[in-house]
Amino acid sequence: MGFSTRVNKKGIRAGAAVVASAAAVAATVWGVATLVEPGSTAARQNVAGPKGTDNSGRGDGGQPAQPQQRIPEGIAHASEGGANAVNITIDDGPDPRWTPKMLEILRKHDVKATFCMVGPQAKAHPDLVKKVVADGHRLCDHTMDHDTAMDKKPVAYQERQILDAKKLIEEAAGSGAEVEYYRAPGGAFTPDSRRIAAANGMRPLGWNVDTRDFDKPGAAAIVDAVKREIGNGPTVLFHDGGGNRAQTVEALDQVLAWLGEQGRPTGFPVRTAPDTP
């Protein structure tokens, strides 16, 4: 697969307030990790984003508001579990056939994952969204239409894609469940999409290991991709939607067993911390 690197040079919109004394969000320490949409020749550099805005303020009645954890706009890769931990992320569902099988494998290995859901899929299968939450996994917004050319679309379009999906996922999850991350389809992040996500409580989420399971190369090839690329960083990309995922289910079982043998714990991607190990 040919890789090209492109960095979106579009600046943060002029209205965004930047705190002068805030430290710049650290760029990922995992090296250059290229976001590639499975099955596509397009590649995007997985870069850390600009500084976020200050969400502090005054509460009702003039009293100081409770301190809020600022969500950085930089793309997350590191794990809350520490430098040796691995983040399992699963995209494009929920799917009525494959998501339950993925959940079964995760329970078998006592592993928690981050599920990046497409809005209409969440609306169509709220029972699965609730099962994901009940099992202790985290939710991620993967937009409404999985448009891998979002970075070429107007800001208003990007905002609708992100926030409409967030609403559908939250409604499907119920019980006040929170969508904690935003992953752009194919890595089509822009400074605006990162800003919109962070302002709405979602950390932009990248990946370091593309298993290419979307192309159904065979379970052995998926496992080999993880073993070969895990040195790039801790966040691994799998899919439970978009087609037959029998190979992914088989490979996930083997990958989690291998990580256990290697003494590698699993965790969730950083959400409020800088992207450092």
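The values are calculated or read from the model by the stated rules, or taken from the named source; none is laboratory data. What you see is a predicted model, and the numbers here were worked out from it, not measured in a lab. Methodologically, a virtual Cβ is constructed for each residue, glycine included, from the backbone with ideal geometry; neighbour enumeration extends over all protein chains shown. Areas reflect the complete protein model, heavy atoms only, side chains present, ligands, DNA and RNA absent. Shrake-Rupley method; radii C 1.70, N 1.55, O 1.52, S 1.80 Å.
Residues of segment 216-224 include none that is over 23 Å from residue 146 (Cβ atoms) and either of a type in the set (S, T, N, Q) or in contact with a strand residue (DSSP E or B) (Cβ under 9 Å, 6 or more places away or on another chain) (or both). Counting only helices (runs of 4 or more DSSP H) that sit completely within segment 116-232, those holding 1 or more residues that are at pLDDT 95 or above, under 16 Å from the mean Cα position of the chain (by Cα) and not acidic (Asp, Glu) correspond to 119-124, 126-134, 155-173, 191-199.
Within segment 156-173, residues that are among the acidic types (Asp, Glu) sit with their Cβ atoms under 8 Å from residues that are open to solvent by 10 Å² or more (accessible area, probe 1.4 Å), at 6+ positions apart or across chains, in these pairs: 164/144; 170/177; 170/178; 171/123; 171/126.
Of these, 83, 48, 113, 65, which one is modelled with pLDDT of 95 or more, among the hydrophobic types (A, V, I, L, M, F, W, C) and either out of contact with any helix residue (DSSP H, G or I) (no Cβ under 6 Å at 6 or more places or on another chain) or open to solvent by less than 10 Å² (accessible area, probe 1.4 Å) (or both)? Spell out how you get there, then give the answer.
Numbers: 83 fails: modelled with pLDDT of 95 or more; 48 fails: modelled with pLDDT of 95 or more; 65 fails: modelled with pLDDT of 95 or more.
So the residue among 83, 48, 113, 65 that is modelled with pLDDT of 95 or more, among the hydrophobic types (A, V, I, L, M, F, W, C) and either out of contact with any helix residue (DSSP H, G or I) (no Cβ under 6 Å at 6 or more places or on another chain) or open to solvent by less than 10 Å² (accessible area, probe 1.4 Å) (or both) is 113.
Quick check, is residue 238 more than 23 Å from residue 148 (Cα to Cα), aromatic (Phe, Trp, Tyr) and in contact with an Asp or Glu (Cβ under 7 Å, 6 or more places away or on another chain)?
Numbers: more than 23 Å from residue 148 (Cα to Cα): no; aromatic (Phe, Trp, Tyr): yes; in contact with an Asp or Glu (Cβ under 7 Å, 6 or more places away or on another chain): yes.
No; evaluated as a whole, the condition is false for this residue.
Within segment 210-266, the residues that satisfy the criterion of being without any contact (Cβ under 8 Å) to a residue 60 or more places away in the chain and at positive phi are 216, 218, 243.
Screening 192, 240 for residues that are in contact with a Phe, Trp or Tyr (Cβ under 9 Å, 6 or more places away or on another chain) and buried (at least 19 other Cβ atoms within 10 Å of the Cβ) leaves exactly one candidate, 240. Checked across segment 122-132, the condition of being open to solvent by 50 Å² or more (accessible area, probe 1.4 Å) and closer than 21 Å to residue 75 by Cα holds for no residue. Among the residues of segment 233-277, those identified as of a type in the set (Asp, Glu) and either farther than 14 Å from residue 102 by Cβ or not in a helix (DSSP H, G or I) (or both) are 240, 261, 275. Within segment 133-155, the residues that satisfy the criterion of being open to solvent by 30 Å² or more (accessible area, probe 1.4 Å), in contact (Cβ under 8 Å) with a residue 40 or more places away in the chain and within 21 Å of residue 100 (Cα to Cα) are 133, 138. Answer yes if at least one residue in segment 203-220 is farther than 12 Å from residue 73 by Cβ, of a type in the set (Lys, Arg) and open to solvent by 20 Å² or more (accessible area, probe 1.4 Å), and no otherwise. Yes, segment 203-220 has at least one match.
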